[in-house]
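**Q** Quick one: structure below, then a few questions.
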């Protein structure tokens, strides 16, 4: 979220929301841009005025490039192109003056005369000021001045104005049209975003085949300067400054010598990935390397290889990766000694110093503690203090290590390497956006709080379709202090408004929040027919209903949006929603087909047909994206395979899940199935096993179902005998062609108190008869809190009844988790001992039985990032002695299951001395605990992926 401060006459003020009426729809944002003249404002564009833009010829080439972009941005908005003057003189009554302090004679002259306040620019990193200046120079009445403390500061200032007038950073990469306006005014005052809190902020293009590689090859002939110029522009428009280029079979310097030249002109800092030392791409060793990638046996050739990389780098602004991993993103050979790796670093730094002619510490360097390299660090390996230690997540968005607050600060500081895309176990995830910005916020907020603020880089895979989380990552990196957890929904809304306008921002933001949540429950590549239960808690149906709801909303907005927004909306919203919804339908249909075939349901073959239809639909959506969207601009970009995985690596080609078709007898035959069971009657259930529905109670007011299905081709009639008029049926008789779902409910006004069982008799053809048991509990006692039903109490973490000492802990993080929001233990001091005075959450619940209960805490799969033996919290029921639980030790989940499930379950037990009302208390001990849900089990409950839904709460 960007908050603009206006400084006028020494007073700060924040501009309130300004509603500007556009020809298409209303657009609202905090902005220094207005669409009608105000007192002292600068007329950037009107029907009669289009001031020239002036840039000093002595300024940086990158500033010249971006000034040219700025003229085109004004044309995108107004339809008219201003004139760009690259010289040292101004010959216009009104002007836009752009320049870099100390590099532009125009800016230096304004500063020297006192006309331009540059006090906040001098000596700053990437700072800019935007000011309306009266009579800045002789014969110039008024000017809009965009000045930067350095090259990127100026560039960021220019692009800041571009975004404020209505040009999205994604105008090219996602075809977002500019907001149209005839008149543009800049309000009187001074505007700045300050300097970024994180020094280097960037993206890593990775795992780029087949999607990005196919697209770039077809459109540009490869990963050349034509391609990268679009990448550089995107990074700078997003106020990033750093890039790890594509590296699988690619070599940034070698593929096109213009690549580094243009990067340096624009001011994009180039680095190389965690296993590519001294500016040499991995593929260059395949092309030019001699001997083995082994420093024990081949040090001379490796040193020469690295030396050539540094020589080629020249004076290009870079952050140089040091260290060494195995060839091709592999671990070093087992048993590699720390002393050898320290020698590698020492020799690399010697090469850096010799080639640059400066002390090694004068060249920014990074050592990536990725995968096994962190183990070397934990075992005592060290690098010089000026080197940035790049800490990493586990490839699944969970940070492995953060700076220990008890250790001394490093001159080189710390950074974080994060992932939105990954190739590796337990499964690749590359196809579609599955990132919740709420999780990014929670983890990167921890990183910032613990001092990892020198360099943030995120693996964005193919760039598309990671547009939204990439925007957030770089926005947050600029100033983590400006976006708190409670601001995340508004961030999403404002982002949607910038892309599509204010009218649909609320609905669009809701769709983005929900589809990323649904996809993060389990990444699409990990989905299977077994993921969501089709028998317990209506889970699969609820998942499909979730997707259907947002799909319908997205379709409705797509129909109503002006045509010029359709391509962008399809890419950023509609396609990921439709494609994800379709994939979930495919797997649920497969699950139904397989179960129904086992039960002999004639409708099993219908679901086999559905699976084929959804599989074909997946191909159709991809085909549209490639060949029709934006006139085929994005061909290949959605070609990542995502159906048919058999192990961690992607399949070469997609394959439809196996379905089962059954021979359906001609004669009719009835079968019955009930919610909560995979059995059917009268055939597949074990002898003596009753057709038992889940328990009914007045607090949860359930509606459970009975399926009456046909096992033959001819329809039949059924009739249900119900001896209790307070048990309600959606239908008591009728015809069944393939199947009929009957819903059972209870009229609680008429139901007797106490526990009862009601028997329903279902009669079908040929004297077939099935008894279904309906258990009913209608308590007479008063009930308070979340109410037990069917052996469980399920409580969302955010539904506490009391929070104590929570100023620095137990922060609500919206939309984080598989089913709701989450509570984070937050900024509690690490390494503290447990005390009942620690911040706590209290939950009230009611149980109908006593004895031992199992309490399951569903948490985000955070890691022990301080390496102190785990992340701890404490729990107690009814004031009993608290139990200290450890997220890493008190779970049956391993790392594979935790990241695949995107949750970890920690379980303990307590003894309830009596039935009735109880309280459960949870205390924070360590930071990094993210609690999503609590499930109290009084008996064994049905298996499901999302767990039982929220219990009813009696007040």
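**Q** Residue under question is residue 197, and the condition is that it be touching a residue at least 40 places away in the same chain (Cβ under 8 Å) and surrounded by fewer than 20 Cβ atoms within 10 Å (Cβ to Cβ); does it hold? Give the derivation first.
**A** Working: touching a residue at least 40 places away in the same chain (Cβ under 8 Å): yes; surrounded by fewer than 20 Cβ atoms within 10 Å (Cβ to Cβ): yes.
Yes, satisfied.
**Q** Separate question: For region 775-790, enumerate the residues that are surrounded by 18 or more Cβ atoms within 10 Å (Cβ to Cβ) and out of contact with any strand residue (DSSP E or B) (no Cβ under 6 Å at 6 or more places or on another chain).
**A** Correct list: 789, 790.
**Q** Next question. So which residues in region 913-952 are surrounded by fewer than 18 Cβ atoms within 10 Å (Cβ to Cβ) and part of a strand (DSSP E or B)?
**A** Answer for region 913-952, where residues must be surrounded by fewer than 18 Cβ atoms within 10 Å (Cβ to Cβ) and part of a strand (DSSP E or B): 916, 917, 919.
**Q** Going by the structure shown, is residue 652 free of Cβ contacts under 8 Å to residues at least 60 places away in the same chain and not in a loop (DSSP other than H, G, I, E, B)?
**A** The answer is no for residue 652.
**Q** Also, quick follow-up: Quick one: count up the residues across region 829-853 that are surrounded by 22 or more Cβ atoms within 10 Å (Cβ to Cβ) and farther than 30 Å from residue 915 by Cα.
**A** Of the residues in that region, 0 qualify.
**Q** So which pairs qualify, if the first residue must be in region 290-303 and more than 18 Å from residue 339 (Cα to Cα), the second must be surrounded by 15 or more Cβ atoms within 10 Å (Cβ to Cβ), the Cβ gap must be under 6 Å, and the two must be at least 6 apart or on different chains?
**A** 290/301; 291/298; 291/301; 292/298
**Q** While we're here: Does region 68-86 include one or more residues that are in contact with a strand residue (DSSP E or B) (Cβ under 8 Å, 6 or more places away or on another chain), at pLDDT below 80 and either part of a helix (DSSP H, G or I) or within 21 Å of residue 131 (Cβ to Cβ) (or both)?
**A** no
**Q** Related question: Residues that are buried (at least 18 other Cβ atoms within 10 Å of the Cβ) and more than 30 Å from residue 716 (Cβ to Cβ): does region 601-612 have at least one?
**A** no
**Q** Is it the case that region 202-217 has a residue that's within 25 Å of residue 364 (Cβ to Cβ), without any contact (Cβ under 8 Å) to a residue 40 or more places away in the chain and not assigned by TED's automatic domain parsing to the domain that holds residue 124?
**A** Kept after step one, since they are within 25 Å of residue 364 (Cβ to Cβ), are these residues of region 202-217: 202-206.
From what is left, the residues that are without any contact (Cβ under 8 Å) to a residue 40 or more places away in the chain are none.
No: region 202-217 contains no residue that is within 25 Å of residue 364 (Cβ to Cβ), without any contact (Cβ under 8 Å) to a residue 40 or more places away in the chain and not assigned by TED's automatic domain parsing to the domain that holds residue 124.
**Q** Can you tell me which residue within region 698-732, out of those that are over 23 Å from residue 679 (Cα atoms) and in contact (Cβ under 8 Å) with a residue 60 or more places away in the chain, is farthest from the chain's Cα centre (by Cα)?
**A** Top of the filtered list is 698.
**Q** Related question: Failed condition for residue 665, given (1) surrounded by fewer than 17 Cβ atoms within 10 Å (Cβ to Cβ); (2) more than 30 Å from residue 900 (Cβ to Cβ); (3) in the same structural domain as residue 757 (by TED's automatic domain parsing), with all others met?
**A** So the condition that residue 665 fails would be (3).
**Q** Would you mind telling me which numbered condition in (1) modelled with pLDDT of 95 or more; (2) under 30 Å from residue 860 (Cα atoms) residue 329 fails?
**A** (1)
**Q** Shifting gears a bit: For region 822-829, does any single residue satisfy the condition of being farther than 30 Å from residue 519 by Cα and either assigned to a loop (DSSP other than H, G, I, E, B) or not assigned by TED's automatic domain parsing to the domain that holds residue 880 (or both)?
**A** Yes, region 822-829 has at least one match.
**Q** Let me ask another. Please determine whether any residue of region 146-161 is in contact with a helix residue (DSSP H, G or I) (Cβ under 7 Å, 6 or more places away or on another chain), assigned to a loop (DSSP other than H, G, I, E, B) and buried (at least 23 other Cβ atoms within 10 Å of the Cβ).
**A** The answer is no; no qualifying residue exists.
**Q** When the residues of region 619-643 are narrowed to those that are over 24 Å from the mean Cα position of the chain (by Cα) and part of a loop (DSSP other than H, G, I, E, B), which ends up surrounded by the fewest Cβ atoms within 10 Å (Cβ to Cβ)?
**A** This residue is 628.
**Q** For region 864-876, give me each residue that is surrounded by fewer than 23 Cβ atoms within 10 Å (Cβ to Cβ) and in contact with a strand residue (DSSP E or B) (Cβ under 7 Å, 6 or more places away or on another chain).
**A** Within region 864-876, 870, 874, 875, 876 qualify.
**Q** Then there's this: Counting residues that are at pLDDT 95 or above, crowded, with 24+ Cβ neighbours inside 10 Å and touching a strand residue (DSSP E or B) at 6+ places or on another chain (Cβ under 8 Å), which helices (runs of 4 or more DSSP H) fully inside region 370-485 reach at least 3?
**A** Where helices (runs of 4 or more DSSP H) fall fully within region 370-485 and carry at least 3 residues being at pLDDT 95 or above, crowded, with 24+ Cβ neighbours inside 10 Å and touching a strand residue (DSSP E or B) at 6+ places or on another chain (Cβ under 8 Å), they are 437-449, 467-478.
**Q** Any residue at all in region 281-288 that's free of Cβ contacts under 8 Å to residues at least 60 places away in the same chain, in the same structural domain as residue 334 (by TED's automatic domain parsing) and under 24 Å from the mean Cα position of the chain (by Cα)?
**A** There is no residue in region 281-288 that is free of Cβ contacts under 8 Å to residues at least 60 places away in the same chain, in the same structural domain as residue 334 (by TED's automatic domain parsing) and under 24 Å from the mean Cα position of the chain (by Cα).
**Q** Give region 718-736 a look and list any residue that's farther than 18 Å from residue 778 by Cα and modelled with pLDDT of 95 or more, or say none.
**A** 718, 719, 720, 721, 729, 730, 731, 732, 733, 734, 735, 736, listed by residue number.
**Q** In region 889-899, what residues are surrounded by fewer than 16 Cβ atoms within 10 Å (Cβ to Cβ) and either in contact (Cβ under 8 Å) with a residue 12 or more places away in the chain or not in a loop (DSSP other than H, G, I, E, B) (or both)?
**A** Here is the first cut: in region 889-899, the residues surrounded by fewer than 16 Cβ atoms within 10 Å (Cβ to Cβ) are 889, 892, 894, 896-897.
If the condition is that a residue be surrounded by fewer than 16 Cβ atoms within 10 Å (Cβ to Cβ) and either in contact (Cβ under 8 Å) with a residue 12 or more places away in the chain or not in a loop (DSSP other than H, G, I, E, B) (or both), then 889, 892, 896, 897 are the ones that fit.
**Q** From the list 194, 166, which one is modelled with pLDDT of 95 or more, in contact with a helix residue (DSSP H, G or I) (Cβ under 7 Å, 6 or more places away or on another chain) and at positive phi?
**A** Testing whether each residue is modelled with pLDDT of 95 or more, in contact with a helix residue (DSSP H, G or I) (Cβ under 7 Å, 6 or more places away or on another chain) and at positive phi leaves just 166.
The values are calculated or read from the model by the stated rules, or taken from the named source; none is laboratory data. Treat the numbers as computed from the prediction; the structure is a model and nothing was measured. Cβ atoms come from the backbone with ideal geometry, glycine included; neighbour counts cover every protein chain shown.
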